[in-house]
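Shown next, in C-alpha coordinates, is the structure this report addresses.
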Amino acid sequence: MKSEKTGNMDSSESKEYDEYNDLINEHLTNLKSITDELLALLAKNSDEENKTRLQELGIDAPELAQKLTTLANFVNSKE
(Lines give C-alpha, C1' and ligand atoms only; values in the text may rest on other atoms or scores of the structure.)
Protein backbone atom coordinates (compact mmCIF):
# COMPACT_ATOMS: atom_id res chain seq x y z
CA MET A 1 0.00 0.00 0.00
CA LYS A 2 1.32 3.42 -0.83
CA SER A 3 2.48 5.44 2.12
CA GLU A 4 0.65 8.69 2.76
CA LYS A 5 2.28 9.82 6.01
CA THR A 6 1.79 13.28 7.33
CA GLY A 7 4.70 15.29 8.66
CA ASN A 8 3.02 15.70 12.05
CA MET A 9 3.89 12.27 13.49
CA ASP A 10 6.41 11.79 16.24
CA SER A 11 8.92 8.95 15.94
CA SER A 12 6.83 6.39 17.86
CA GLU A 13 3.74 7.16 15.75
CA SER A 14 5.83 6.98 12.61
CA LYS A 15 7.27 3.60 13.64
CA GLU A 16 3.80 2.26 14.47
CA TYR A 17 2.50 3.54 11.14
CA ASP A 18 5.37 1.87 9.27
CA GLU A 19 4.76 -1.43 11.06
CA TYR A 20 1.04 -1.24 10.28
CA ASN A 21 1.78 -0.38 6.64
CA ASP A 22 4.24 -3.30 6.39
CA LEU A 23 1.58 -5.65 7.78
CA ILE A 24 -0.97 -4.43 5.25
CA ASN A 25 1.55 -4.90 2.44
CA GLU A 26 2.28 -8.43 3.62
CA HIS A 27 -1.43 -9.30 3.65
CA LEU A 28 -1.94 -7.76 0.21
CA THR A 29 0.98 -9.78 -1.15
CA ASN A 30 -0.46 -12.97 0.34
CA LEU A 31 -3.92 -12.15 -1.02
CA LYS A 32 -2.48 -11.52 -4.48
CA SER A 33 -0.64 -14.83 -4.41
CA ILE A 34 -3.73 -16.75 -3.34
CA THR A 35 -5.89 -14.97 -5.93
CA ASP A 36 -3.39 -15.70 -8.70
CA GLU A 37 -3.25 -19.37 -7.70
CA LEU A 38 -7.04 -19.67 -7.64
CA LEU A 39 -7.36 -18.04 -11.06
CA ALA A 40 -4.72 -20.39 -12.47
CA LEU A 41 -6.46 -23.41 -10.99
CA LEU A 42 -9.80 -22.26 -12.30
CA ALA A 43 -8.39 -21.82 -15.81
CA LYS A 44 -6.49 -25.13 -15.68
CA ASN A 45 -9.39 -27.14 -14.34
CA SER A 46 -12.02 -26.22 -16.90
CA ASP A 47 -12.64 -29.74 -18.13
CA GLU A 48 -16.08 -31.31 -17.83
CA GLU A 49 -15.37 -33.29 -14.65
CA ASN A 50 -14.21 -30.21 -12.83
CA LYS A 51 -17.12 -28.13 -14.13
CA THR A 52 -19.44 -30.77 -12.70
CA ARG A 53 -17.58 -30.71 -9.38
CA LEU A 54 -17.82 -26.93 -9.18
CA GLN A 55 -21.53 -27.12 -9.97
CA GLU A 56 -22.00 -29.72 -7.22
CA LEU A 57 -20.37 -27.27 -4.83
CA GLY A 58 -22.71 -24.53 -6.05
CA ILE A 59 -19.88 -22.54 -7.61
CA ASP A 60 -20.44 -20.66 -10.83
CA ALA A 61 -16.97 -20.80 -12.40
CA PRO A 62 -17.31 -17.72 -14.66
CA GLU A 63 -18.71 -15.68 -11.79
CA LEU A 64 -15.91 -16.85 -9.48
CA ALA A 65 -13.31 -15.99 -12.11
CA GLN A 66 -14.82 -12.50 -12.48
CA LYS A 67 -14.81 -11.92 -8.72
CA LEU A 68 -11.23 -13.16 -8.40
CA THR A 69 -10.15 -10.92 -11.27
CA THR A 70 -11.82 -7.94 -9.59
CA LEU A 71 -10.05 -8.81 -6.35
CA ALA A 72 -6.70 -9.19 -8.12
CA ASN A 73 -7.15 -5.81 -9.81
CA PHE A 74 -7.92 -4.21 -6.45
CA VAL A 75 -4.85 -5.76 -4.83
CA ASN A 76 -2.65 -4.71 -7.75
CA SER A 77 -3.90 -1.14 -7.48
CA LYS A 78 -2.76 -0.99 -3.84
CA GLU A 79 0.84 -1.99 -4.57
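Of all residues in the stretch 48-75, which are among the small types (Gly, Ala, Ser) and over 16 Å from LEU31 (Cβ atoms)?
Residues satisfying the conditions are GLY58, ALA61, ALA65.
So, in the stretch 1-45, exactly how many residues are at pLDDT below 80 and either surrounded by 12 or more Cβ atoms within 10 Å (Cβ to Cβ) or within 20 Å of PHE74 (Cβ to Cβ) (or both)?
Matching residues across the stretch 1-45 total 9.
Look at the stretch 28-47 and say how many of its residues are under 8 Å from the mean Cα position of the chain (by Cα) and small (Gly, Ala, Ser).
The qualifying residues number 1.
Could you grab me the full set of residues in the stretch 46-69 that are surrounded by 11 or more Cβ atoms within 10 Å (Cβ to Cβ) and not charged (D, E, K, R)?
If the condition is that a residue be surrounded by 11 or more Cβ atoms within 10 Å (Cβ to Cβ) and not charged (D, E, K, R), then SER46, ASN50, LEU54, GLN55, ILE59, ALA61, LEU64, ALA65, GLN66, LEU68, THR69 are the ones that fit.
Pairs only if they're at least six apart or on different chains, beta carbon under 6 angstrom, first in the stretch 55-79 and touching a residue at least 24 places away in the same chain (Cβ under 8 Å), second polar (S, T, N, Q); list them, first residue then second.
Qualifying pairs under 6 Å: LEU68/THR35; LEU71/THR35; ALA72/THR35.
Can you name the residue in the stretch 48-68 that is closer than 20 Å to THR35 by Cβ and of a type in the set (Asp, Glu) and, of all such residues, is nearest to the chain's Cα centre (by Cα)?
Result: GLU63.
The values are calculated or read from the model by the stated rules, or taken from the named source; none is laboratory data. Fair warning: this is a prediction, and the values are worked out from it, not measured in the lab. Positions of Cβ are generated from backbone atoms using ideal geometry, with glycine treated the same way; all protein chains shown enter the neighbour counts.
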